[in-house]
Amino acid sequence: DHRDLHSFPTRRSSDLLSAAVAASLSRYHVDEQQVRWVSPLDSDMYSEYRDVEFLERVGLCHVSAQLRQFWPRGGPCWDALATTENGCILVEAKSHVLEIYGNGCGACAASRLKIQTALSATKAWLRAPETIDWTGRLYQSANRYAYLYFLREIACVPAFLVNVYFIGDPHSPTTRSAWVAAAGAVSAELGLRGQVPYSGAVFLEE
């Protein structure tokens, strides 16, 4: 429950976030003035979206059929979504390091086959070894990268993925250096070399 994300709709906080996100994607010349947050919003009861519903929020209904072919229902639920002039920004937020890890993919056999196919394609795109299992404890990170691959390579949408790391969570405070180390460990465990293209990292004080 990332309560800090609920402050996105306020003018000052959304401007600060837009600037931070744009800075994290500076090598792609993302214009912070064109970043428009569409979730979570006060006017929408701070709802978060997944599957076809998230495509609707960012104006990409036309790729819904492609997404259904790529990934089964029950995909990533995005902590925040924004549109840009031509594309969108997907946000995954974490308050402390343990939130990175989970119980792995629990999909049924038919869905798991579709997921494995999508993850294999994503590994090839990111030049990660096919032999590394992406359905284990880092499955959440893996499926976020898969959606970035889908939007960029299949739907041909200029999409970006930004990881937001909160510093100083009152329940489990995490420093910036600890986040940097954790992110590096995740990349190593997933077999990723270098920074994932079209992605960025933002560190926010609680």
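Taking amide H as placed 1.01 Å from N in the peptide plane, residue 46 has its amide H under 5 Å from the amide H of 41, each at least 5 places away in sequence or on another chain.
With R₀ set to 25 Å, the beta-carbon distance separating residue 125 from residue 180 gives a calculated FRET efficiency near 0.55.
Our estimate of slack between residue 195 and residue 171, defined as 0.36 nm per intervening residue step minus the Cα-Cα distance, is 5.7 nm.
DSSP beta bridges in the chain, what fraction antiparallel, as a percent rounded to 5?
Around 35 percent of the beta bridges assigned by DSSP in the chain are antiparallel ones.
Return, ordered by residue number, the residues of the stretch 123-166 whose backbone nitrogen is under 15 Å from a label point located 7 Å along Cα→Cβ of residue 27. Counting only backbone N, you get 126-127, 160-163. For the chain, the convex hull drawn through the C-alpha positions has a volume of 116 cubic angstrom per residue.
Please compute the length gained on full extension between residue 111 and residue 62, using 0.36 nm multiplied by the number of residues separating them and subtracting their Cα-Cα distance.
15.4 nm
For the stretch 61-67, putting each phi into the Karplus relation 6.51 cos²θ - 1.76 cosθ + 1.60 with θ = phi - 60° gives couplings of 4, 5, 10, 4, 4, 5, 5 Hz, in residue order, rounded to whole numbers and with x for Gly and Pro.
With the whole protein complex present, residue 177 retains an accessible surface near 90 Å², based on a 1.4 Å probe.
Close amide H partners of residue 81, meaning residues 5 or more places away or on another chain with modelled amide H under 5 Å apart, are 38, 39. Under a 5 Å amide H cut-off, with hydrogens placed 1.01 Å from N, residue 164 pairs with 92, 93, 94, 202 among residues at least 5 apart or on other chains. Out of the total accessible area of the stretch 129-206 (probe 1.4 Å, heavy atoms of protein only), what percent is carbon and sulfur? Carbon and sulfur: 53 percent of the exposed surface of the stretch 129-206.
Per-residue ellipticity at 222 nm from helix content only, as computed over the chain with -39500 (n - 2.57) for each DSSP H run of at least four residues, stands at -11000 deg cm²/dmol.
The values are calculated or read from the model by the stated rules, or taken from the named source; none is laboratory data. Fair warning: this is a prediction, and the values are worked out from it, not measured in the lab. For neighbour counting, all protein chains shown are included, and Cβ atoms are generated from backbone atoms with ideal geometry for every residue, glycine included. Just so you know, the surface numbers come from the protein's heavy atoms only, side chains and all, with ligands and any DNA or RNA stripped out. Shrake-Rupley method; radii C 1.70, N 1.55, O 1.52, S 1.80 Å.
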